[in-house]
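J.: I have a structure here, written as structure tokens, and I will follow up with some questions on it.
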Amino acid sequence: MKSKIIFIILTLILVSCKQTNKSESQTRALTQIEITDEFKLEFLTQILSDSSKTRILFNKKELISNLSINIPPTLPVDLKNPKQTISHSEFISDTLKINDIDFVKGQFQKNKDFDISKIKEYGFNVIDIKKYTDNEIEWDSINKIAEKYYAENSLENIYSVLYITKPIFNKELNLAYVRIRQGSGGMTRIYEKKNRIWKLKYELDNWVE
């Protein structure tokens, strides 16, 4: 009887160790997914260079904000609590089929250090909206600065600054989530990487103020 008890205890310890090792292995696998600034820049430069019908920019001289200013998406109701909506991180996790909210939250945290202004190195025009807002410049004045720039550069029918969020990726790094604001409207876009090229997969949550 005593030997059976010892055997059961040893079995439970072994199972517990396996579960712990599995958990540690999953944690290591998660941390090993490195999303570099270079990878984010490659994504942004590709989608901003797109000249197809789904293009974001019509002219490379258009102004792009170095500050992500966007209306939050329309979030669905939380099935566990019908009186509330799900969080933005949950929404992205579901949309990209990650099923790992912490992975999304971790990207939001790391994106704080990502400088979107680096796209200037690829020939895009960045307007320092952050400087203007830090100096408490009114939005009407910022818009007039943009309008003056477009007039001086003979960019007809272009009046507003493009605002784009820093991208969030799935674990396979072949799907990306961004929010885009142009003028008084915007949308959420999901891009997919195939044969090293990022293409629009679908668009959702279009809005107009």
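The values are calculated or read from the model by the stated rules, or taken from the named source; none is laboratory data. Quick caveat: nothing in here was measured; it's all calculated off a predicted structure. Quick reminder, even Gly has a Cβ in these numbers, built from the backbone with ideal geometry, and neighbours come from all protein chains shown. For the accessible areas, the whole protein counts, side chains as well, though only heavy atoms, and no ligand, DNA or RNA atoms are used. Shrake-Rupley method; radii C 1.70, N 1.55, O 1.52, S 1.80 Å.
J.: Do the conditions hold for Asn70, that is, is it in a loop (DSSP other than H, G, I, E, B) and at pLDDT below 85?
T.: Taking the combined requirement at face value, the residue satisfies it.
J.: Further question: Does Phe108 fit the bill of being in contact (Cβ under 8 Å) with a residue 60 or more places away in the chain, under 27 Å from Phe169 (Cβ atoms) and open to solvent by less than 30 Å² (accessible area, probe 1.4 Å)?
T.: Spelling it out, it is not the case that Phe108 is in contact (Cβ under 8 Å) with a residue 60 or more places away in the chain, under 27 Å from Phe169 (Cβ atoms) and open to solvent by less than 30 Å² (accessible area, probe 1.4 Å).
J.: Within region 182-198, which residues are under 17 Å from Thr36 (Cα atoms) and open to solvent by less than 40 Å² (accessible area, probe 1.4 Å)?
T.: Selection gives Trp198 alone.
J.: Follow-up question, since we're still on this one. Check off (1) in contact with an Asp or Glu (Cβ under 8 Å, 6 or more places away or on another chain); (2) surrounded by 14 or more Cβ atoms within 10 Å (Cβ to Cβ) for Thr74 and give me the number that stays unchecked.
T.: (2)
J.: Can you pull out every residue in region 122-149 that is free of Cβ contacts under 8 Å to residues at least 24 places away in the same chain and in contact with a Ser or Thr (Cβ under 9 Å, 6 or more places away or on another chain)? Even if it seems obvious, please write down each step before you answer.
T.: The initial filter retains those residues of region 122-149 that are free of Cβ contacts under 8 Å to residues at least 24 places away in the same chain, namely 131-132, 134-145, 147-148.
If the condition is that a residue be free of Cβ contacts under 8 Å to residues at least 24 places away in the same chain and in contact with a Ser or Thr (Cβ under 9 Å, 6 or more places away or on another chain), then Tyr132, Trp139, Ile142, Asn143, Glu147 are the ones that fit.
J.: Could you list all residues from region 149-181 that are surrounded by 15 or more Cβ atoms within 10 Å (Cβ to Cβ), farther than 24 Å from Tyr132 by Cα and touching an Asp or Glu at 6+ places or on another chain (Cβ under 9 Å)?
T.: Lys171, Leu175, Ala176
J.: Let me ask something else. Going through region 139-169 one residue at a time, which ones are touching a strand residue (DSSP E or B) at 6+ places or on another chain (Cβ under 8 Å) and among the polar types (S, T, N, Q)?
T.: Ser160, Thr165
J.: If you check Leu48 against the conditions, is it part of a loop (DSSP other than H, G, I, E, B), closer than 21 Å to Ser184 by Cα and aliphatic (A, V, I, L, M)?
T.: Here the answer is no, as Leu48 does not meet what is asked.
J.: Lys201: open to solvent by 20 Å² or more (accessible area, probe 1.4 Å) and in contact with a Phe, Trp or Tyr (Cβ under 8 Å, 6 or more places away or on another chain), yes or no?
T.: Taking the combined requirement at face value, the residue satisfies it.
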